[in-house]
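I have placed the structure first, in the form of structure tokens, so that the comments after it can refer back to it.
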Amino acid sequence: MNIKVCGITTAKQVQQLDGLDIDYAGFIFVPTSPRYVEGKLDKKQIKTADFDLKKVGVFVNPSYSDILDAIEDYGLDVVQLHGEETPEFCSDLNEDIEVIKVFHIDETVKSIDKLVAPYDNACDYYLFDTKTSDAKGGTGKQFDWSILEKSKIEKPFFLSGGIGLEDIAAIKKFKHPDFFGVDVNSKFETEPGVKDMAKVLQLKVGLK
């Protein structure tokens, strides 16, 4: 079970996640987010540190050059796209770096397989989050995971959206051959951008 902790804003917390053997740390490059990394993370320190975890840049409808700048500045390993990025945009980017394409799910989505089909050859992973009004980033709410269990998908995917410690049993019960990991954020914070590492450790232990 892979674990991605998103919304990290300090180098110290990246080091702590790495020490807990967390697989992915997410840095948010969305200026309207309270977890926006610019001016908080030391770019050089993050780029040059020897982490085992993968550094994920999280974007919403970015320009190609903005992504390339962030990859260069922070030494990103993966890019996560939350907006209306086209399959062509994802595919071009995928030539340079691993790509996670995010899909926002609500009751209007009837077929996951139709939703993801255009991106089948354009990215490495999918991430399924909850759709809430016009929110493009993390919503902190859950959708009905059963729609995924009924879908083929055929690409590694992350579950996201309001996941907390109370969901450990449900996560362990959730079955799909392509279920790759969980993406957590707000329910593991003491305040926006500051993670409670004791809770992260509880999640790690609970999902073993």
Query raised in the report: What about Tyr64, is it among the aromatic types (Phe, Trp, Tyr) and either out of contact with any helix residue (DSSP H, G or I) (no Cβ under 8 Å at 6 or more places or on another chain) or within 18 Å of Gly193 (Cα to Cα) (or both)?
Result: no
Query - Residue count for segment 23-35, restricted to those that are closer than 18 Å to Leu68 by Cα and free of Cβ contacts under 8 Å to residues at least 12 places away in the same chain - result: 1
Query raised in the report: In segment 55-80, which residue that is free of Cβ contacts under 8 Å to residues at least 40 places away in the same chain and hydrophobic (A, V, I, L, M, F, W, C) is nearest to Asn2 (Cα to Cα)?
Result: Val79
Query raised in the report: Within segment 1-29, can you find the residues that are hydroxyl-bearing (Ser, Thr, Tyr) and closer than 15 Å to Lys43 by Cα?
Result: Thr9, Thr10
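Can you find even one residue in segment 113-122 that is in contact (Cβ under 8 Å) with a residue 12 or more places away in the chain, surrounded by 16 or more Cβ atoms within 10 Å (Cβ to Cβ) and in a loop (DSSP other than H, G, I, E, B)? Show your work before the answer.
First pass over segment 113-122, keeping only residues in contact (Cβ under 8 Å) with a residue 12 or more places away in the chain: 113, 115-116, 118-122.
If we keep only those that are surrounded by 16 or more Cβ atoms within 10 Å (Cβ to Cβ) as well, we get 115-116, 119, 122.
This time we only want the ones that are in a loop (DSSP other than H, G, I, E, B), so: 122.
Yes; the residues of segment 113-122 include at least one that is in contact (Cβ under 8 Å) with a residue 12 or more places away in the chain, surrounded by 16 or more Cβ atoms within 10 Å (Cβ to Cβ) and in a loop (DSSP other than H, G, I, E, B).
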Query raised in the report: Got a number for residues in segment 90-111 being of a type outside the set (A, V, I, L, M) and over 27 Å from Leu41 (Cα atoms)?
Result: 9
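Where a number appears in this text, it was derived from the coordinates with a stated rule and is not lab data. Quantities reported herein were computed from a predicted structural model and do not represent experimental measurements. Note that each Cβ is placed from the backbone with ideal geometry, even for glycine, and that neighbours are counted across all protein chains shown.
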